[in-house]
Amino acid sequence: MRVLAIDPGYDRLGMAVVEGDPSKPTHIWSDCVTPEKGAPAARLSEVFTAITSAIEQHSPEYLAIEQLFFSTNAKTALKVAEARGVILAAAGVKDLEVREFSPQEVKLAVTGYGAADKKAVAAMVPKLISLPPLAPPKQRLDDELDAIALGIAALSRRTH
């Protein structure tokens, strides 16, 4: 089973492709897309292009996306909702099934605790899946690690 996992965002979009089974997931690819600051249409177009490109390059069986978490900042939530809409549209154009996961489901699958913080998730990801090293000083951003965690969670709850 191969899954494209997306941690939706407006400023940064975490993306990962993982495959295998829950006991031995394999990291295929991951990245963090940071759209250019500017007009919303151009930013969202960049998100659309990144998603369709990942689908074409990695041929996932489905797309896993994190459900929108409403924080106290409504403006940010609306922008993330716009990005989610573009992601869902890209999946629709490519006729790719979409499965949604709550943040608690992801945390539970990766850490064993549904209320874990981001640091706990980031610490567990490399323990659950082998990640290729990055050339210094480059580091994986939280958004990329969140997408990898989502991919691991998706594999653990796969349905046929």
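The values are calculated or read from the model by the stated rules, or taken from the named source; none is laboratory data. Keep in mind that this is a model prediction, so the values were computed, not measured. Cβ coordinates were reconstructed from backbone atoms using ideal geometry, including for glycine residues, and neighbour counts include every protein chain displayed.
Among the residues in the range 106-118, are any surrounded by 16 or more Cβ atoms within 10 Å (Cβ to Cβ), within 24 Å of Arg157 (Cβ to Cβ), among the small types (Gly, Ala, Ser) and free of Cβ contacts under 8 Å to residues at least 24 places away in the same chain? Checking the range 106-118: at least one residue is surrounded by 16 or more Cβ atoms within 10 Å (Cβ to Cβ), within 24 Å of Arg157 (Cβ to Cβ), among the small types (Gly, Ala, Ser) and free of Cβ contacts under 8 Å to residues at least 24 places away in the same chain. Looking at the range 119-159, which of its residues are within 20 Å of Phe101 (Cα to Cα) and either among the hydroxyl-bearing types (Ser, Thr, Tyr) or assigned to a loop (DSSP other than H, G, I, E, B) (or both)? Passing the criteria: Ile129, Ser156, Arg157, Arg158, Thr159.
Specify which of the listed residues (Asp142, Asp146) is touching an Asp or Glu at 6+ places or on another chain (Cβ under 9 Å) and under 20 Å from Gly20 (Cα atoms).
Asp146
Filtering the range 82-101 to residues that are in a helix (DSSP H, G or I), among the aliphatic types (A, V, I, L, M) and surrounded by 14 or more Cβ atoms within 10 Å (Cβ to Cβ) leaves Ala83, Val86, Ile87, Leu88, Ala89, Ala90, Ala91.
Any residue that is closer than 15 Å to Gly14 by Cα and touching a strand residue (DSSP E or B) at 6+ places or on another chain (Cβ under 7 Å) - is there at least one of those in the range 103-114? For the range 103-114, residues closer than 15 Å to Gly14 by Cα and touching a strand residue (DSSP E or B) at 6+ places or on another chain (Cβ under 7 Å): present. Among residues of the range 7-24 that are closer than 17 Å to Leu141 by Cα and at pLDDT below 95, those with a beta-carbon under 6 Å from a residue that is surrounded by fewer than 16 Cβ atoms within 10 Å (Cβ to Cβ) and β-branched (Val, Ile, Thr) at least six positions away or on a different chain give the pairs Arg12/Thr34. Tally the residues that are over 24 Å from Glu105 (Cα atoms) and aliphatic (A, V, I, L, M), restricting the search to the range 1-52. Summing the residues that are over 24 Å from Glu105 (Cα atoms) and aliphatic (A, V, I, L, M) in the range 1-52 gives 6. Taken over the range 62-84, the criterion of being in contact (Cβ under 8 Å) with a residue 24 or more places away in the chain and of a type outside the set (Asp, Glu) is satisfied by Tyr62, Leu63, Ala64, Ile65, Gln67, Leu68, Phe69, Thr76, Lys79, Val80, Ala83, Arg84.
Residues in the range 129-140 that are buried (at least 18 other Cβ atoms within 10 Å of the Cβ) and modelled with pLDDT under 95: Arg140 alone. Taking the criterion of being hydrophobic (A, V, I, L, M, F, W, C), assigned to a strand (DSSP E or B) and touching a residue at least 40 places away in the same chain (Cβ under 8 Å), the only residue of the range 25-44 that qualifies is Cys32.
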